[in-house]
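Asker: To start, I am sharing the structure in question, which I have written as structure tokens.
The values are calculated or read from the model by the stated rules, or taken from the named source; none is laboratory data. Treat the numbers as computed from the prediction; the structure is a model and nothing was measured. Counting neighbours? That spans all protein chains shown, and the Cβs are built from the backbone with ideal geometry, glycine included. Ligands, DNA and RNA are excluded from the accessible area calculation, which covers all protein heavy atoms including side chains. Shrake-Rupley method; radii C 1.70, N 1.55, O 1.52, S 1.80 Å.
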Amino acid sequence: MATQKVTEVTTDADFAHQTSSLPASALVVIYFHAPWAAPCQQMSTVLNALASTYPVTSPPSISFLSLNAEELPDISEKYDVTAVPYIVLQKDGKVLETVSGSDASKVRAAVEKHAGKSGNPGKTGLPPPQTVTKQEQPATANGAATNGAKNLSNYAPNGSDPTTAPEYTSEQPSKEELFNRIESLVKAAPVMLFMKGTPSAPQCGFSRQTVAMLRERTVRYGFFNILADDEVRQGLKEYAEWPTFPQLWVDGELVGGLDIVKEEFENNPDFLNEYAVKPQVAASS
């Protein structure tokens, strides 16, 4: 018997086609992920195992879709995705339930609640929930991180190098130097935004939403495009013990990502007012 599979959606048009072609009674499980987030690796395994327990029917009764939240920012914004992994369950275009995080039991319970139990519920061996924690970066002999960071195995100084080019001789000095640089960057302006892209051309929906909030409140801020410097991108995750972007820093202290910045503005109307071009002053009674 043919079973369901998780379909990777890569374009807005593909998503529209996949969802519109299903009957109104079909449950759509929409999974938002990001390649750099370790919990998403587990959730991908969980959803593939869960999908395989549901048979293919005609007409379809359930469909599993997977989307890179950063590559499809408009869809992410539509579903208010501020963290990954994030699962949306919907029917007939209406959201029934959402699950944030990598708790496999919650995801399975939500799917079974709206789709009924699968034909083979004992087939899946779902792992326990995984949390986002500080990850140790493996290093090569010359100290260069191998997990997505710059590969310096063939590095050799040349005339175009600045006179202050670091010597990649061992892990500890280069790490210290990187952290010293990051410490200077987070204090480069009273409010610093480490984002994907630039304020005029954000490269992910989360960065775009953060920029929009700061602009709406006329906050003066500096920014750093972490896509332009992979060493800072990887190093800042460890320095801040915060694995996602964007990151907002105020006076050298980490505030957090998009979801936390949203909460700060919602809970404190005066948040960042002192850094605004025209601070909002409450009317006197």
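Asker: Filtering the stretch 8-35 down to residues that are among the charged types (D, E, K, R) and at pLDDT 95 or above, which residue is least open to solvent (accessible area, probe 1.4 Å)?
Answerer: Step one: filter the stretch 8-35 for residues among the charged types (D, E, K, R), giving 8, 12, 14.
Adding the requirement that they be at pLDDT 95 or above leaves 8, 14.
On the way: Glu8: 91, Asp14: 41 Å².
That would be Asp14.
Asker: Here is a follow-up. Out of the residues in the stretch 189-232 that are touching a residue at least 24 places away in the same chain (Cβ under 8 Å) and over 22 Å from Leu272 (Cβ atoms), state the one that is least open to solvent (accessible area, probe 1.4 Å).
Answerer: Val232
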